[in-house]
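All of the numbers you see were taken from the coordinates with simple rules; none came from a lab. Model, not experiment: these values are computed from the prediction. No Cβ is skipped: glycine too gets one built from the backbone with ideal geometry, and neighbour counts run over all protein chains shown.
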Amino acid sequence: MKIDGLELSLASDGVFKLDGGAMFGIVPKPVWEKYFSPDVKNKITLGTNVLVIRAGKNVALVDLGIGDKFDKRLFDIYEISRERNLLEDLRAKGIERTDVTHVFITHGHLDHTGWATTYHHEKIEPTFPMAKYYMQEETLKEIKEPNQKTKPNYNYLNFENLSEHLELLNGDEEVLPGIRLVKSGGHTKGHQIVEVRVGNNTFVYFGDLIPTSAHIKPAYVMAYDLYPMDTFYKKREILEKAYEESWTIFFEHDPTTPVAKLSDVENYTLKKISF
Ligand SMILES: [Zn+2]
């Protein structure tokens, strides 16, 4: 979609699977399985939708899929499946690794930071050598100080040799004209969402605050969330605004409805947007 000199599109790093119960927290299975049909192991298939923003000479990516630094065990756990990976998908859009100038990272989890780094001659280096990688300072702290609950959600290779490329934020910041990173908390303490305002249009990428269209109701909070009540209140507050201002909403993990608008804010119904 092109609008006032800005171009927005989605790229993908393929699909993967997570436990359906963990994805829906306290929501009972008979309710969530109306949105996602689980396989025999109760896993559901999720997308890795990366938002690509082109503004003049700047090319920004929001989140970075699962990447290529997986051993066989993790590959089997997440059942990663892809016709092409994120780098191949970007190339098909005419974007090479060196074209990327900005990377906005919602939070540090391994399914959001995969392509932050990659192997080059058996050494790990930043995948996008010309880019600054923006995340909240709190996120880096959470990555560096994990506990038994949070550690399995990180792949530490995604942050190796990356420190010179990091731009750490403390709270909300406009990083490019019209593009704001907004700290939301909830899913993790340092979680941020990305707001793009062009003219009267607002586009918002929710990361894991609202991972799929099926999570639009404020009470539908993942068991992965570290601060579930913060997620609940933040979603309620933010979706009021999304409805009033008719925001276009991106769902990072939704394999079938990656983009939608709220058509009402009492029942939280959505209208899918083709993108
Ligand atoms: Zn996450």
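Key figures
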| item | result |
| --- | --- |
| Glu145 versus Asn42: modelled label distance in nm, points set 7 Å from Cα along the beta carbon direction | 3.3 |
| Cα-Cα P(r), region 57-198, percent of pairs per 5 Å interval | 2, 9, 19, 23, 21, 15, 8, 2, 0 |
| Among Ile216, Ile44, Ile105: highest mean-square fluctuation, GNM of the chain, C-alpha pairs under 10 Å | Ile44 |
| Max mean-square fluctuation residue, GNM over the chain, Cα-Cα springs under 10 Å, options Pro38, Pro258, Pro177 | Pro177 |
| Relative exposure of Asp99, Asp39, Asp172, judged by other C-beta atoms within 10 Å (fewest first) | Asp39, Asp172, Asp99 |
| Antiparallel DSSP beta bridges within the chain, as percent of all bridges there, nearest 5 | 75 |
| Extension gain from Val31 to Met130, taking 0.36 nm per residue of separation minus the Cα-Cα distance | 31.1 nm |
| The chain, relative contact order [Cα under 8 Å, separation at least 6], % | 18 |
| Simple Cβ-charge dipole of the chain, Lys/Arg +1 and Asp/Glu -1, about Cα centre, in debye nearest 20 | 440 |
| Nonlocal amide H pairs with Gln136, under 5 Å, H built at 1.01 Å | Leu169 |
| Normalised per residue, the volume of the convex hull around the Cα set of the chain (Å³) | 128 |
| Stretchable slack from Tyr119 to Ala223, in nm (0.36 nm times residue separation minus alpha-carbon distance) | 34.2 nm |
| Simple spin-label estimate for Leu74 and Tyr243 in nanometres, 7 Å along Cα-Cβ | 4.0 |
| Long pairs among Lys149/Lys189; Lys43/Lys141; Lys149/Lys183; Lys29/Lys217; Lys93/Lys123; Lys217/Lys271, criterion Cα-Cα beyond 19 Å | Lys43/Lys141; Lys149/Lys183; Lys93/Lys123 |
| Coarse-grained scattering of region 34-127 at q = 0.10, 0.24 Å⁻¹, given as base-10 log I(q)/I(0) from a Debye sum over alpha-carbon atoms | -0.31, -1.38 |
| Ascending count of other beta-carbon atoms within 10 Å, so fewest first, for Val259, Val100 | Val259, Val100 |
